[in-house]
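The values are calculated or read from the model by the stated rules, or taken from the named source; none is laboratory data. Note that the structure is a prediction, hence the values are computed from the model and not measured. Backbone-built Cβ (ideal geometry, glycine too); neighbour counts: all protein chains shown. We work out accessible area using only protein heavy atoms, side chains counted, and drop any ligands, DNA or RNA first. Shrake-Rupley method; radii C 1.70, N 1.55, O 1.52, S 1.80 Å.
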Amino acid sequence: RSTYDASLLHPWWETSLVLELARTGGWPIILFPIACAHFYRSRTQPSSENKLFFMKPHLFIAAAVIGILTGLDDYLYAYGVARLPVSTSSLIIASQLAFTAGFAFVLVKQKFTSYSINAVFLLTIGSGVLAMHTSSDRPANESNREYVLGFLMTVGASALYGFILPLVELTYKKAKQEISYALVMEIQMVMCLFATGVCTIGMLVNNDFKVIPREAREYELGKTKYYIVAICSAMIWQCFFLGAIGVIFCASSLLSGIIIAVLLPVTEILAVIFYNESFHAEKGVALALSLWGFLSYFYGEIKQSKENKPALETEMASVPNRQESV
């Protein structure tokens, strides 16, 4: 929303919190793939030690801390975007990838190439272009204090999530135990559990849960479909989060941030296709820049892997020669 009535500020704040709670509230769904992995191991590796959960206490604490930070990020985002026009909030959120790149450099010593720097730049600009067509006027009847507070909280939310992704990668590196995808699912579950706890406590204190039955009654498709949509959204968000930290497990937090950034213009194009929204030049430019940045990153990775391959083959060939000389 680019503008809104100040009298509707609190209901929109409640709705934002409900949406943020749905992002992490589906954490029990992760128990299903964890249980399936456990039964698969018990049948294929009956002689090996097979536990339902492999997470050690120190890793559990680290995942819990990240989950609390995620819950705090949800609060900052919900509060901030409720008090800013769409253009301003979109530009701020577009900076998330830059924060991810910066924190990745500091926390995990991420190595940058000209291609990865180009990708970060293009994806950030591409996301920011989407805000050009929306109104940049400050909402009417909103005080300077509320506007500044919303601005600062949205910047904080963008920076905090940019910090969380490299922090997950750092947790993998400092885990002191072998990281498998089963363990990644456990980390995901613990993170969302604590994030949901933070959101739930805040909503209980503010008595925000009353918005759920009210929205269900006012939902155009009916109360039943409202709850079906909410449950399906929670399941899809779990797939998103598992994919995000799974990419970090397989590659890096920078790649995870790049994939998240490219989703924004793609979502805008899908809205044009499925919801018949108007297609503006800004959406086409944003999509082109984002795809350019996305391809630039992977081209750099492919080129670097080809350059490293001869050096690796030379090193492997020298090992037998050293053994013969001994």
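When peptides 38-45, 223-230, 258-265, 196-203 are sorted by average Cβ neighbour count within 10 Å, with the highest value leading, the order is 258-265, 196-203, 223-230, 38-45.
The solvent-accessible area of residue 301, taken with every protein chain present and a 1.4 Å probe, is close to 80 Å².
Here the calculated FRET efficiency for residue 36 and residue 279, from their Cβ-Cβ distance with R0 = 45 Å, stands at 0.60, rounded to the nearest 0.05.
In this structure, the residue pairs whose Cα-Cα separation is over 23 Å, taken from 109/174; 225/283; 111/173, are 225/283.
Convex hull volume of the C-alpha atoms in the stretch 109-247, normalised per residue: 204 Å³.
Under 18 Å from a label point set 7 Å out along the Cα-to-Cβ vector of residue 174, the amide N atoms of the stretch 186-225 belong to 187-188, 191. Modelled label positions at residue 306 and residue 58, each set 7 Å beyond Cα in the direction of Cβ, lie 4.2 nm from each other.
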